[in-house]
Amino acid sequence: MEERAALLARVSAGHGTEIKDPATGEVIGRIAFGTPGEVAAAVDTAAKAQPGWAALDDQERCAALMRAADAIDAHAEELAYVVSREQGKTMNGLGARYEAAGCAAWVRATASTPLPVEVLVDDGQSRAELHYRPIGVVGAITPWNWPMIIACWQIAPALRMGNTVVQKPSEYTTLTGLAIAAVLNEALPPGVLTAVTGAGDVGDALVRDPRVGKVMFTGSVKTGMKVIEASAGNMPRLTLELGGNDAAIVLPDVDPQAIAEGLFWGAFINNGQTCAAMKRLYVPDAIYDEVVDALAALAAKIPMGVGLDEGNVLGPLQNQMQWNVVNRLVEDAKVRGARVVMGGDPDAAAPGYFYPKTLIADIDNAAPLVQEEQFGPALPIIRYTDLEQAVEWANGVDVGLGASVWSADRDTALAIAARLQAGTVWINSHGGIDPRVPFGGAKRSGYGLEFGVEGLKAVSVPQVISG
Ligand code: ADP
């Protein structure tokens, strides 16, 4: 066995469901999936560990998180190997090693963010302070696209604030979820982080457990709505980071060559399987052909293939379900007469869930490839002549996670940005995130913020001390 495969072997069960590499179909491990009935025991463990963990002072908890980040670094190649084999992303590029390094960076940043007591009033007559107290047990429910780092985004702030966590990884990337938990647990006291496995019914049981005081959920809008419904019984607080259908608006004053790379990776990061990836590109008629040509020339040079091959920077889609979504949307675009600039011709007989890099030009804004979240490597490029129309189209969906404006003039870009209905608007880039900067959605992309001071506050109970 390769040395870097040790962690995968450690979290894989000797029996249960076979887990296959999405690039090759090869069996990489097994999982004995858990059931909703097992959630209560995990929450028990977390609830018992919580008072002791909360009794540590903030510095001690931060020190433990720093040790957890060191453990991630020590196992970085093994973690990257697990996620590459189970999720499909390439070891290189914005792939598996990048995700593992991001986990360590995020955990460290979470442990380094100051959260002083806020003095709200101190006028000689009265005094009011705002403190942030632990909630108790936090349920962390994660998706399959960035299965390690999203787990860290949920777990690290929750722990920092004195909560304990029960984590439920996606059933599509359970081994990765177990791997990151195992590594974090090398540095954490027993019971502070517990993982449960299984499908949506296990997630549902976690949301409904009366001892869970907060649920961090990242996933689809549809499931987010179910989480809201399930939360009505016991009222856990919720942070919901749901899907997006991010628009990018290019203005006529840009240099198409100069922005091509930013546009490409904004859309194709992790093969488009990224919540805040660019999913609709609006380009003015005046430079439409230049932008499409520059993107196509760049895309043609990007190697796609098996994630473990060091030469590749894009891999397969993670699962058949997502492959079917992308294929359906592209086939529909073709029927509508949109122009296939590249891709759109998957080899269904080849092994793995590969879908080629696809650019679809001259597509009607009403097409499902534009209106629905494709979550894959197929970018619709919509031609516009009237900027007002482009802004209206950009805002014309019921989600609003991110958006971007591309212009040589910052003031013009800022004026457009202010009108876009999205939790983040990037200028001349798309999708970059930073542990110091809050991230969350508008409209049905969810509510609550992650990262930064706001992210810490979101996993705690504000308490006013008055007098
Ligand atoms: P995605 O397609 O992005 O994986 P989902 O929303 O289906 O989106 O899944 C995200 C996470 O939510 C997964 O861990 C999944 O098992 C979990 N999940 C699915 N259904 C439910 C539910 N009803 N309640 C809680 N969690 C759920």
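The values are calculated or read from the model by the stated rules, or taken from the named source; none is laboratory data. No experiment lies behind these values; they were computed from the predicted model shown. Note that we place each Cβ from the backbone using ideal geometry, even for glycine, and neighbour counts take in every protein chain shown.
With the condition kept exactly as written, say whether any residue in the stretch 261-268 is in contact (Cβ under 8 Å) with a residue 12 or more places away in the chain, within 10 Å of the ligand (Cβ to nearest atom) and touching a strand residue (DSSP E or B) at 6+ places or on another chain (Cβ under 6 Å). Full working, then the answer.
Keep residues of the stretch 261-268 that are in contact (Cβ under 8 Å) with a residue 12 or more places away in the chain, which gives 261-268.
Of the ones still in play, those that are also within 10 Å of the ligand (Cβ to nearest atom) are none.
The answer is no, given that none of the residues of the stretch 261-268 is in contact (Cβ under 8 Å) with a residue 12 or more places away in the chain, within 10 Å of the ligand (Cβ to nearest atom) and touching a strand residue (DSSP E or B) at 6+ places or on another chain (Cβ under 6 Å).
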From K279, K301, residue being at pLDDT 95 or above, within 22 Å of the chain's Cα centre (by Cα) and among the basic types (K, R): K279
Which one of these is assigned to a loop (DSSP other than H, G, I, E, B) and either at pLDDT below 95 or closer than 23 Å to F268 by Cα (or both): V405, V437? V437
Which pairs turn up if I take residues in the stretch 228-256 that are without any contact (Cβ under 8 Å) to a residue 24 or more places away in the chain and look for partners that are surrounded by 14 or more Cβ atoms within 10 Å (Cβ to Cβ) with beta carbon separation below 8 Å, at least 6 apart in sequence or on another chain? I228/L238; I228/L240
Of everything in the stretch 235-265 that's part of a helix (DSSP H, G or I) and among the aliphatic types (A, V, I, L, M), which residue is surrounded by the fewest Cβ atoms within 10 Å (Cβ to Cβ)? A258
Regarding the stretch 404-424, can at least one residue be identified that is touching a residue at least 24 places away in the same chain (Cβ under 8 Å), among the hydrophobic types (A, V, I, L, M, F, W, C) and exposed (fewer than 15 other Cβ atoms within 10 Å of the Cβ)? yes
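Conditions tested, residue by residue: (1) hydrophobic (A, V, I, L, M, F, W, C); (2) within 15 Å of the ligand (Cβ to nearest atom).
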position	(1), (2)
L120	yes, no
R133	no, no
G136	no, no
I149	yes, yes
I155	yes, yes
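Tell me, which strands (runs of 3 or more DSSP E) wholly within the stretch 64-178 include 2 or more residues that are over 21 Å from the mean Cα position of the chain (by Cα) and either surrounded by fewer than 24 Cβ atoms within 10 Å (Cβ to Cβ) or β-branched (V, I, T) (or both)? Spell out how you get there, then give the answer.
Working: elements: 118-122, 127-134, 137-141, 164-168.
Strands (runs of 3 or more DSSP E) meeting the threshold: 118-122, 127-134.
Among V215, V221, which is the only one that is in contact with a Ser or Thr (Cβ under 9 Å, 6 or more places away or on another chain), farther than 17 Å from K168 by Cα and either touching a residue at least 24 places away in the same chain (Cβ under 8 Å) or of a type in the set (A, V, I, L, M, F, W, C) (or both)? Break it down stepwise before answering.
Values: V215 fails: farther than 17 Å from K168 by Cα.
Among V215, V221, only V221 is in contact with a Ser or Thr (Cβ under 9 Å, 6 or more places away or on another chain), farther than 17 Å from K168 by Cα and either touching a residue at least 24 places away in the same chain (Cβ under 8 Å) or of a type in the set (A, V, I, L, M, F, W, C) (or both).
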Between a first residue in the stretch 90-105 that is closer than 17 Å to A71 by Cβ and a second residue that is part of a helix (DSSP H, G or I) and among the acidic types (D, E), which pairs have beta carbons less than 7 Å apart while being 6 or more apart in sequence or on different chains? A104/D73
Of those in the stretch 191-234 that are near the ligand (Cβ under 9 Å from one of its atoms) and in a strand (DSSP E or B), the residue farthest from N245 (Cα to Cα) is V215
If G25 satisfies all but one of (1) within 25 Å of the chain's Cα centre (by Cα); (2) at negative phi, what's the number of the condition it fails? (2)
If we scan the stretch 308-317, do we find a residue that is at pLDDT 95 or above, over 15 Å from G272 (Cβ atoms), part of a helix (DSSP H, G or I) and not aromatic (F, W, Y)? no
Mind listing just one residue for me: the one in the stretch 9-63 that is in a helix (DSSP H, G or I) and of a type in the set (K, R) and, of those, surrounded by the fewest Cβ atoms within 10 Å (Cβ to Cβ)? K48
